[in-house]
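**Q** Sharing a structure, written as structure tokens. Questions coming.
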Amino acid sequence: DHTNGPIKIRVHPMALDWGEYDVTWNSAQPSIDFGTIVTTVWSPSPLIDGGINEMIFDITNHVNQLLSSTPNGDVPAMALALVAEPTSSGGRVRFYGADGNPYGLWPTLNIDFNPEYRSPYTESKFSMILEESHLQAPYSSPLAASSNYLTTYQFSDWFFHLTDQRTLLMKMSGDGRRSELHHDNIWDSGSTETDSARINPLGPNGERNYKAVSARLRMAIPSSDVEQVTLVQIHHHAYIFEGLESGPLLRLHYRASDGSLSANVRTSAIPKTVQRFVILDTFPDNEWFDLEVRVFQEGAANSNAHFLTIVVNGQEKFRRNISYWAGQYSYFKAGNYLVASDDSDTEAVVEFEELDFFALDEFWLWCEYNPNWCG
């Protein structure tokens, strides 16, 4: 409240750390940077007795300056002091800034912060995979690719952006909606080292014809109206061979019904059969974990033994021979794909600290040997 009309109020940054009982009328001044004025406002007049007396402090420039001046995108600590200018009429203004004040008055602070969009494409650790991928959001049609990730208007609802901690955030709400990266390189899990047209590099442990998704990620478990959140897929390229019923070889997802990290795996190509395997009994709620999905050839160079493995925090949790999938061209997907109740508007948020795809594009090589089919 105030007396004797409106009062001009200056907003200054605090120069030192502070606590609630350290900032008082006679002890806070050494900590206030009086040389810097963030903004000035006038207290409302006349006051609404028993109503809402709102003051709006626009500190956008100050916040953006702090963000741009800190290394590695770290969010700085920030404190502001409100200082009323003295008036000739002896006016004063009082701020009730603690729940325990003796007047029974509790101020409400509303913060509206809408920083400039930050594209994941601007972060070097993500730029390479984005060059090789399309973003699918909010449905399966490709939305953007390569340098188009730099545009801002397409992502104004923040379902795909770079955080201050240099992580890639993908969030979405609504049944059947997604924010996923579709890796453009198409490959055959059954390619062998003796096929000169389809040679992939060795994996980290010497695996032949190695393809993989590697990620460090986390997700806070959403409310129960979000039934499943798919994190990684190996999807069949439906347009190449029309005889195979479409669908992913792998769909790795959080499952609300039992709280697990589960894998739906296609266990035969024709006919289409799918089986669910529990990878982790309990999903790591809002905890970082390392995840690798690997496809590789095992044995001799001409071996037809091809395997799919899932590794969590360095431990192999799943292994299956997928020789039945040979000849079925596939691609990787990673992100946030929802199954939810019809009326759900709950957001699921998937955050990647690291994300890499390892797969050569084998389809164009296949086309070299089949020019009539590819046109």
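The values are calculated or read from the model by the stated rules, or taken from the named source; none is laboratory data. It should be emphasised that the depicted structure is a prediction, and the values quoted were computed from it without experimental measurement. Virtual Cβ from ideal backbone geometry, glycine too; neighbours counted across all protein chains shown. The area values use the complete protein model at the heavy-atom level, side chains included, leaving out ligands, DNA and RNA. Shrake-Rupley method; radii C 1.70, N 1.55, O 1.52, S 1.80 Å.
**Q** Considering only the other residues whose Cβ falls under 12 Å of the Cβ of Pro284, what net charge follows from Lys and Arg at +1 and Asp and Glu at -1?
**A** -2
**Q** His253: net charge of surrounding residues, Cβ under 10 Å, Lys/Arg +1, Asp/Glu -1, itself excluded?
**A** +2
**Q** For Ala79, list long-range residues whose amide hydrogen, built 1.01 Å from N in the peptide plane, is under 5 Å from its own amide hydrogen.
**A** Amide H neighbours of Ala79: Met14.
**Q** At most 15 other Cβ atoms within 10 Å and a DSSP loop assignment: could you name the trypsin sites (Lys or Arg not before Pro) in the stretch 249-310 that fit?
**A** When the trypsin sites (Lys or Arg not before Pro) of the stretch 249-310 are filtered for loop state and at most 15 Cβ neighbours within 10 Å, Lys272 remain.
**Q** Solvent-accessible area of Trp288, probe 1.4 Å, all protein chains present, reported in Å² to the nearest ten, please.
**A** The value for Trp288 is about 70 Å².
**Q** Right, another one. Using the Cβ atoms and a cut-off under 9 Å, what net charge is assigned to the surroundings of Tyr337, where Lys and Arg are +1 and Asp and Glu are -1?
**A** Numbers: positive: Arg177, Arg178, Arg251, Lys333; negative: Glu180.
Taking every Cβ under 9 Å from that of Tyr337, the sum is +3.
**Q** Need one word for the stretch 224-318: rounded, prolate or oblate. Basis is the Cα gyration tensor (sqrt eigenvalues a ≥ b ≥ c); a/c below 1.5 gives rounded, then a/b vs b/c decides.
**A** Oblate shape, in that a/c is at least 1.5 and b/c is the bigger or equal ratio.
**Q** Can you work out ³J(HN,Hα) from phi for every residue in the stretch 308-322, in order, using Karplus 6.51 cos²θ - 1.76 cosθ + 1.60 and θ = phi - 60°, giving whole Hz and x for Gly and Pro?
**A** 10, 10, 10, 10, 10, 6, x, 10, 5, 9, 7, 8, 8, 6, 10
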